[in-house]
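Structure first, commentary second.
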Amino acid sequence: MGVLEEFRLDGKSSLVTGGASGIGRAFAEAMAEAGADVVVADIDTEGAEEVADEIADDTGRETLAVEADVTDEDNVETMVSETVDAFGGLDIAFANAGIAELERGAETYETRQWNRIVDVNLTGVWLTDLYAARAMFDDGGGSVINTASVYGLRGSEALGYIPAYTASKGGVVNLTRTLGAEWAEEGVRVNAVAPSHVRTGIGGGALKDDMPGVEDP
């Protein structure tokens, strides 16, 4: 058996938030290619439907597009319920939905801007993790993956000073550590990925211009 065969996801069900574009789309495609059925969840319903249809056509896996605002607790609960109803359970949840602001120094920050970014990037991850894990507890366990950032491990600099984004991603890092320790006994693994610069549409497309060290999604 080859190394890649060790990571097959045949028979597994997965949920990806922010799945209509960027890193979320890439993960949704990769999990389907590995054999998992995929729910593509995004506030951009049309984009989610397009990605879900393309994945189904390319891989033959079962897919579902779900409109999801990860800052709305009722919406997140419904998103997870629809996943369980469609696929009979939930094995993998990728809490990836996030936003970023353009460069803005702390002294010019408005509270409403801070709240919006933290609500999506940190509270949205918490709600997705919580409801996904509750579904997994009832079914013998599963895997939760959070999108943090290299800026969750250090301050922002290369793209300017973006305090709310760095604070939210630092919160994701430590939330992951805490939930991983607590939920291990329930059979739920919690991990995070911390990407560096990836050329996606986040932050108004600030990374789409040529920039040293920035990779295509």
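The values are calculated or read from the model by the stated rules, or taken from the named source; none is laboratory data. Values in this document were obtained by computation on a predicted structure and should not be read as measured data. Here the Cβ positions follow ideal geometry from the backbone for every residue, glycine too, while neighbour counts run over all protein chains shown.
Side notes on the structure shown:
- Top-ranked residue of the range 93-104 - restricted to ones that are aliphatic (A, V, I, L, M) and surrounded by 23 or more Cβ atoms within 10 Å (Cβ to Cβ), ranked as farthest from residue 15 (Cα to Cα): 100
- Among the numbered conditions (1) modelled with pLDDT of 95 or more; (2) surrounded by fewer than 17 Cβ atoms within 10 Å (Cβ to Cβ); (3) out of contact with any helix residue (DSSP H, G or I) (no Cβ under 9 Å at 6 or more places or on another chain), the only one that residue 107 does not meet is (1).
- Count of the range 115-147 residues which are part of a loop (DSSP other than H, G, I, E, B) and either in contact with a Leu (Cβ under 9 Å, 6 or more places away or on another chain) or modelled with pLDDT under 95 (or both): 3
- Number of positions in the range 13-39 that are β-branched (Val, Ile, Thr) and farther than 13 Å from residue 92 by Cβ: 1
- Any hit, the range 18-30, residues being at pLDDT 95 or above and β-branched (Val, Ile, Thr): no
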